[in-house]
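Here's the structure, in structure tokens; my notes come after.
Values in this text are rule-based calculations from the coordinates and carry no lab data. Note that the structure is a prediction, hence the values are computed from the model and not measured. Here the Cβ positions follow ideal geometry from the backbone for every residue, glycine too, while neighbour counts run over all protein chains shown.
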Amino acid sequence: MELWQAILLAIIEGLTEYLPVSSTGHMMIASGAMHINQLDFTKLFEVNIQFGAILAVVVLYYKRFFKDLDFYFKLLVAFLPAVVCGLLLSKKIDALLESSLTVAIALLVGGVVLLFVEQFFPQASSEEEKPISYAMAFWIGCFQCIALVPGVSRSAASIIGGFTQGLGRRQAAEFSFFLAVPTMFGASALKLLKSYDKIQTTDLQMLLIGNVVAFLVAILAIKLFVQLLTKYGFRMFGVYRIVIGLILLYILWQYPAML
């Protein structure tokens, strides 16, 4: 992997990780276009640079992370369903990650869902914040499990989970950001431990640069996403997902070897 390729992937990660558009789908298209998608290091890199995106949330919302222990316990409760499902379905999930068609279909279906989801949850436009109970946190975590299917988008699934619990756009999005910290940290740490003996010095430098870039871009993306979501809702993201899904299907049809 060249340095410019690492930087480009890190930019894509930072931009898409917290938006409901599937960072997996975007990474798949980008790495395939650059012909580096079959490299073992590319797969490690794409997962590891999530550390940078995680740090962006901690920095932007540092007051929440140093508020009280109850906050952490609720995140733990919300995180547990993904842990259980991830352990039970790890082989099936790994197989799905190799399926570009699965990602394309998930992008399309998810796009259609985002076009109409707020019609079913009219309270989504409310700015009022409500206390999040342990039961609510658990159900949001259950929705996050849907994102184990690549292309669904962890952000979209957990935000919709928040809608089912009566949360408004901003509060649902922010809880989704917080929930990303243990979820993405666990996935990134596990991938790093499994591949640690294969990492070379030059790889570590590339990972460091990728994390820094992902961190900086994610800070901007999170701020922009909250503004867009609060003002316009999900519809524009739904349209965007459908377009990306169709592009991915076209690539699979015309240039199957690329992905």
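Observations on the structure shown:
- Extension gain for PHE71 to GLN227 (0.36 nm times residue separation, less C-alpha to C-alpha distance): 53.8 nm.
- GNM result for the chain, Cα springs below 10 Å: residue of LEU69, LEU224, LEU204 fluctuating most strongly: LEU69
- Cα-Cα separations in region 153-249 greater than 20 Å, expressed as whole percent: 53 percent
- Of ASP94, ASP203, ASP68, the residue with the greatest mean-square motion in the GNM of the chain, using alpha carbon springs below 10 Å, is ASP68.
- Legend: calculated FRET efficiency, GLU2 to LEU216, from the Cβ-Cβ distance at R0 = 30 Å, rounded to 0.05, equals 0.90.
- Candidate lysines for bridging to LYS194, where Cα separation is under 16 Å - those fewer than 8 sequence places away on the same chain excluded: LYS43, LYS91
- Available extension along the chain between LEU60 and LEU89 is 7.2 nm, counting 0.36 nm per residue and deducting the alpha carbon span.
- Pairs of alpha carbons in region 74-115 whose separation is greater than 15 Å (percent): 59 percent
- Legend: distances between Cα atoms for LYS191/LYS223; LYS63/LYS223; LYS92/LYS198; pairs beyond 26 Å are LYS191/LYS223.
- The slack in the chain from GLU128 to SER99, taken as 0.36 nm per residue of separation less the alpha-carbon distance, amounts to 6.4 nm.
- Legend: calculated FRET efficiency, ALA189 to TYR240, from the Cβ-Cβ distance at R0 = 25 Å, rounded to 0.05, equals 0.25.
- Summed residue charge, Cβ within 10 Å of LEU44's Cβ, Lys/Arg positive, Asp/Glu negative: +1
- Ellipsoid semi-axes in whole angstrom, largest first, where each is sqrt(5λ) of the Cα gyration tensor of the chain: 28, 22, 17
- Estimated dipole of region 3-258 in Debye, rounded to 20 [Cβ of Lys and Arg +1, of Asp and Glu -1, Cα centre]: 220 debye
- Sparse-neighbour loop sites [trypsin sites (Lys or Arg not before Pro); region 15-78; at most 11 other C-beta within 10 Å; DSSP]: LYS67
- Positive dipole terminus of region 42-134, leading residue within VAL112, VAL57, SER126 (C-beta point charges): VAL57
- Using the empirical formula 2.2 N^0.38 Å as the baseline, the Cα radius of gyration of region 30-77 reaches a ratio of 1.71.
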